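The values are calculated or read from the model by the stated rules, or taken from the named source; none is laboratory data. Fair warning: this is a prediction, and the values are worked out from it, not measured in the lab. Please note: Cβ atoms are built from the backbone with ideal geometry, for glycine as well, and neighbour counts cover all protein chains shown.
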Amino acid sequence: MSVQTVARRYATALADVELAHGDAREVQEELLVWEQMLQSSPNLQEVFRNPTIALDKKRAVLNKLIERARPTPTTTNFLKVLLHNHRLTELGEINRKFAEVLDVRAGTVAVTVTTARTVPENAQRQLHTRLLALTGKKVRLNFATDPDLIGGLVTRIGSTVYDGSVRNHLQLIKEKMAG
């Protein structure tokens, strides 16, 4: 089974539990902190990834970390379930799917706009308004910069990409000329 399929199942189950309790965003923030902590420590990654280390020892390490961090009971239980099922190392992908599930259930769409330079505030607001009208949903707008675009912008709404960059237009011209 693919990591994405597994991540979607865990994320959906967690969202079901969290939306009933009403603290989904708090759990989401805690899990992001845990993901960052695990990614920043190669030693922790090795402990939780290594199949030769006994589950009891992994559980002891996780329990020590939980004692120090004191996450919510739901986050604690979820981390323990992931450890028990040997999925703790997939927390990053689970977090991404969890955010997607929460957005879908809230009627929100994530949009990433990449430009060659930083977009001014007023242009960001105008773009946000247009995207609200285009999608008919709440929009969570993220901006990124990529100087290689030369100019224009690339907009990603879910899996759909609208490429209006100068780089893309030049590539299309090049392909037409080549023939």
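If you take the residues of the stretch 137-176 that are touching a strand residue (DSSP E or B) at 6+ places or on another chain (Cβ under 9 Å) and part of a loop (DSSP other than H, G, I, E, B), which of them is nearest to ALA99 (Cα to Cα)? So the residue we want is GLY158.
Being touching a residue at least 12 places away in the same chain (Cβ under 8 Å) and in contact with a Gly (Cβ under 6 Å, 6 or more places away or on another chain) is a description that does not apply to ALA110. VAL111 passes every criterion in (1) within 21 Å of ASN142 (Cα to Cα); (2) outside the structural domain of THR145 (by TED's automatic domain parsing) apart from (2). Counting residues in the stretch 83-91 that are touching a Ser or Thr at 6+ places or on another chain (Cβ under 7 Å) and in a helix (DSSP H, G or I) gives zero. Determine, yes or no, whether THR75 is closer than 19 Å to ASP23 by Cβ, out of contact with any strand residue (DSSP E or B) (no Cβ under 7 Å at 6 or more places or on another chain) and surrounded by 15 or more Cβ atoms within 10 Å (Cβ to Cβ). For THR75, the condition - closer than 19 Å to ASP23 by Cβ, out of contact with any strand residue (DSSP E or B) (no Cβ under 7 Å at 6 or more places or on another chain) and surrounded by 15 or more Cβ atoms within 10 Å (Cβ to Cβ) - is met. Scanning the stretch 129-179 for residues that are surrounded by 15 or more Cβ atoms within 10 Å (Cβ to Cβ), hydroxyl-bearing (Ser, Thr, Tyr) and under 18 Å from the mean Cα position of the chain (by Cα) yields one hit, THR155. Only residues in the stretch 14-29 that are on the phi < 0 side of the Ramachandran plot count as the first member; pair them with residues that are modelled with pLDDT of 90 or more and not in a helix (DSSP H, G or I), Cβ under 7 angstrom, at least 6 apart or cross-chain, and list the lot. Hits for this filter: ASP23/THR72; GLU26/THR72; VAL27/THR72. Apart from one condition, ARG68 fits all of (1) closer than 14 Å to THR89 by Cβ; (2) free of Cβ contacts under 8 Å to residues at least 12 places away in the same chain; the exception is (1). Among the residues of the stretch 47-65, write down those that are exposed (fewer than 11 other Cβ atoms within 10 Å of the Cβ) and under 15 Å from VAL81 (Cβ atoms). The answer is none; no residue qualifies.
Kindly evaluate LEU127 against the criterion of being at pLDDT below 90, assigned to a helix (DSSP H, G or I) and not assigned by TED's automatic domain parsing to the domain that holds LEU65. Please lay out each step first, then the result.
Details: at pLDDT below 90: no; assigned to a helix (DSSP H, G or I): yes; not assigned by TED's automatic domain parsing to the domain that holds LEU65: yes.
The answer is no for LEU127.
For the stretch 5-28, enumerate the residues that are more than 16 Å from ASN85 (Cβ to Cβ) and part of a helix (DSSP H, G or I).
Result: ALA15, ASP16, GLU18, LEU19, ALA20, HIS21, ALA24, ARG25, GLU26, VAL27, GLN28.
Every condition in (1) outside any helix (DSSP H, G or I); (2) within 16 Å of the chain's Cα centre (by Cα) is met by ARG105 except one, and the failing one is (1).
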